[in-house]
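In what follows, a structure is listed as C-alpha cells, so that the remarks can point back to it.
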Amino acid sequence: MTVSSRDKVSSRDKTNAGGAHRRRLLGAAALIAAGLAAPLGLLAAPTDAVQGEAQRLMYVHVPAVLTAYAAFAVMVAANVLYLARRAERWDRLGRAAAELGAGLTALTIALGVLWARPVWGVWWTWDPRLVSTAAMLLLALGCLAVRAWPGEAGAGARRAALAGPLVAAAMPVVHFSVLWWRTLHQPPSLLKPSGAVPIDPPMLVALLAGIAAFLLAGAWVVARRYRSLAAALETPTRPREDVEPAPLRAAA
C-alpha cells in the first residue's frame, strides 16, 4: 500500500498543528507559573535577616542555574542519541538545549554579580563558584561555536555532540565548588549532599515556584527553537537560475 504525497503533507500538517498546540499549552503554563512565582518571591517571602532585600535575587538566580543544568543534561542526552543514530532531530534538540543553557548560565553570572555587590562589596571576585560557572559558560559557547567550523556536511553536528559532555563534566564542579574549596559563596540552597534544606518554609515555597516557572519557560523556549530549526530545514531553497536575455532583433 503506497502513500501519496498529498497524504504525507496532510499528516505533516496535522503533526505540526499538534506540536503548535502543545507549545501554546506549555507557554501558558509557564506564564501562569511565573505569575504565581513573582508575588511569592517579592511579597510573600520574608526579608533575609543578614542579606536584606538583595537576597530576593535568589528566587531568579537559583532557578536560572538549575534550569541551565537541566538544559545541559538534555543537550548531552541528545548528543549521545545523535552520535548513536545520526538522526537530525537529536542534533536540533541538542542545539536548542545548548543555546538555552548558555543563555541561562550568562544570566546566572549577571545576577550573581548584582547580588555580590551589596553582599560582598565587590562586583566580581575570583571565587571558585564564579570561576567554574564562567568556565562552564565558555564550554557551552564552544559547543555552539564548533558548528561553524568548516568541514563536510554533518561535521559541525558531530563536533558539537562530542564537545557536549565537557559541559556536563563541568556541572558537578560548579555545584560542589562551594563544598570542595574555601569560598565566599554561600552553600547550595538545594541539592545538598546531606539532603538538608536550610531555608525557611515561605522562602522555600517561593524558590520552588521560581524553579517551576523557569523549567516550564525553558521547555517552551527549547520547543520553539527546535521547531524553528526544523522549519529552516523544511523550507526549500530555490536554486539560482541564470536566464540568458533573448537576442536583439532589428525591426522589420
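A few points about this structure:
- Hey, LEU107 out of contact with any His (no Cβ under 6 Å at 6 or more places or on another chain), under 20 Å from ALA209 (Cβ atoms) and loosely packed, with under 14 Cβ neighbours inside 10 Å or not: no
- Residue satisfying condition, being at pLDDT below 95, exposed (fewer than 13 other Cβ atoms within 10 Å of the Cβ) and in a loop (DSSP other than H, G, I, E, B), within set ALA231, ALA196, ALA169: ALA196
- Unmet criterion (only one of (1) part of a helix (DSSP H, G or I); (2) surrounded by fewer than 20 Cβ atoms within 10 Å (Cβ to Cβ); (3) free of Cβ contacts under 8 Å to residues at least 60 places away in the same chain) for TRP126: (1)
- Considering residues of the stretch 52-100 that are basic (Lys, Arg) and free of Cβ contacts under 8 Å to residues at least 40 places away in the same chain only, the residue surrounded by the most Cβ atoms within 10 Å (Cβ to Cβ): ARG56
- The single condition among (1) over 23 Å from ARG86 (Cα atoms); (2) modelled with pLDDT of 90 or more; (3) open to solvent by less than 20 Å² (accessible area, probe 1.4 Å) that LEU114 does not satisfy is (3).
- Within the stretch 28-48, tally of residues that are in contact with a Lys or Arg (Cβ under 8 Å, 6 or more places away or on another chain) and closer than 27 Å to ALA223 by Cβ: 1
- Near pairs, Cβ below 8 angstrom, 6+ apart or cross-chain, from the stretch 195-216 (more than 20 Å from LEU100 (Cβ to Cβ) and of a type in the set (Val, Ile, Thr)) to any residue that is open to solvent by less than 60 Å² (accessible area, probe 1.4 Å) and at pLDDT 85 or above: VAL197/LEU204; ILE199/LEU207; VAL205/LEU40; VAL205/ALA45
- In the stretch 147-166, the residue that is farthest from TRP126 (Cα to Cα) out of those that are of a type in the set (A, V, I, L, M, F, W, C) and part of a helix (DSSP H, G or I) is ALA155.
The values are calculated or read from the model by the stated rules, or taken from the named source; none is laboratory data. Just so we're clear, the structure is a prediction, and the values are computed from it rather than from any experiment. We place every Cβ from the backbone using ideal geometry, glycine too, and count neighbours over all the protein chains shown. Accessible surface is based on the protein model in full, side chains and every heavy atom, while ligands, DNA and RNA are left aside. Shrake-Rupley method; radii C 1.70, N 1.55, O 1.52, S 1.80 Å.
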